[in-house]
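Heads up, the thing below is written out as structure tokens.
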């Protein structure tokens, strides 16, 4: 299948860092990390992995698609919950080994499978004894996962 982005083979550093050809660098498992933020607020919503097919689908139809390492298959964000992520802009970093998706959440606005707006709903703090613990922040649920996914 012909891709909308080039296959990275013998590209030189200048071509990767300064050129206008999209040459994503996938790891040895064929994956590239994707950071997802809200296009309006800039809030980090989630992190996921993409393979070439997921990246192709996302860029082609404008709905965020990822690769599930645990399930070993593609998954369209929101395929079960209806909480899809509409692509506004896609960027890559200087050496093209990370993808940044700016999206508009659809549905109730929950990007996390726990029913929250963001997967990053806990901050790491140190307690009085100096141990790292988790503290909820912006942790309100927008839906109950049991109602959406069962269980």
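Based on this model, can you work out whether residue 81 counts as at pLDDT below 95, under 24 Å from residue 137 (Cα atoms) and not in a strand (DSSP E or B)? Judged against the criteria, residue 81 is a match.
If I ask for residues that are assigned to a loop (DSSP other than H, G, I, E, B) and either within 16 Å of residue 113 (Cα to Cα) or touching a helix residue (DSSP H, G or I) at 6+ places or on another chain (Cβ under 9 Å) (or both), which ones from segment 136-149 would you list? So that I can check it myself, show each step before the final result.
Here is the first cut: in segment 136-149, the residues assigned to a loop (DSSP other than H, G, I, E, B) are 137-140, 142-144.
Listed by number, the residues that qualify are 138, 139, 140, 142, 143, 144.
Of the residues examined, residue 108 is not one that is loosely packed, with under 14 Cβ neighbours inside 10 Å, without any contact (Cβ under 8 Å) to a residue 40 or more places away in the chain and either touching a helix residue (DSSP H, G or I) at 6+ places or on another chain (Cβ under 8 Å) or not in a helix (DSSP H, G or I) (or both). Might you check whether a residue that is within 17 Å of residue 119 (Cα to Cα) and assigned to a loop (DSSP other than H, G, I, E, B) occurs anywhere in segment 21-39? Yes, because at least one residue in segment 21-39 is within 17 Å of residue 119 (Cα to Cα) and assigned to a loop (DSSP other than H, G, I, E, B). When you check residue 49 against the structure, is it in contact with a strand residue (DSSP E or B) (Cβ under 8 Å, 6 or more places away or on another chain), assigned to a strand (DSSP E or B), free of Cβ contacts under 8 Å to residues at least 60 places away in the same chain and surrounded by 12 or more Cβ atoms within 10 Å (Cβ to Cβ), yes or no? When the stated conditions are applied, residue 49 passes them. Can you find even one residue in segment 53-63 that is loosely packed, with under 14 Cβ neighbours inside 10 Å, within 30 Å of residue 15 (Cβ to Cβ), touching a strand residue (DSSP E or B) at 6+ places or on another chain (Cβ under 9 Å) and in contact (Cβ under 8 Å) with a residue 60 or more places away in the chain? Checked segment 53-63: no residue is loosely packed, with under 14 Cβ neighbours inside 10 Å, within 30 Å of residue 15 (Cβ to Cβ), touching a strand residue (DSSP E or B) at 6+ places or on another chain (Cβ under 9 Å) and in contact (Cβ under 8 Å) with a residue 60 or more places away in the chain. Looking at 86, 102, 9, just one residue is assigned to a strand (DSSP E or B) and either at pLDDT below 95 or under 24 Å from residue 144 (Cα atoms) (or both), and that residue is 86. Could you tell me whether any residue of segment 113-130 is surrounded by 18 or more Cβ atoms within 10 Å (Cβ to Cβ), closer than 30 Å to residue 27 by Cβ and touching a helix residue (DSSP H, G or I) at 6+ places or on another chain (Cβ under 8 Å)? So far as segment 113-130 goes, no, none of its residues is surrounded by 18 or more Cβ atoms within 10 Å (Cβ to Cβ), closer than 30 Å to residue 27 by Cβ and touching a helix residue (DSSP H, G or I) at 6+ places or on another chain (Cβ under 8 Å). When every residue of segment 124-135 is checked against the conditions, none turns out to be part of a loop (DSSP other than H, G, I, E, B), in contact with a strand residue (DSSP E or B) (Cβ under 9 Å, 6 or more places away or on another chain) and within 22 Å of residue 38 (Cβ to Cβ). Taken over segment 69-97, the criterion of being out of contact with any helix residue (DSSP H, G or I) (no Cβ under 9 Å at 6 or more places or on another chain), exposed (fewer than 15 other Cβ atoms within 10 Å of the Cβ), touching a residue at least 12 places away in the same chain (Cβ under 8 Å) and under 23 Å from residue 25 (Cβ atoms) is satisfied by 69, 89.
The values are calculated or read from the model by the stated rules, or taken from the named source; none is laboratory data. None of these values were measured; they are calculated from a predicted model. Heads up, the Cβs are rebuilt from the backbone with ideal geometry, glycines too, and the neighbour counts pull from every protein chain shown.
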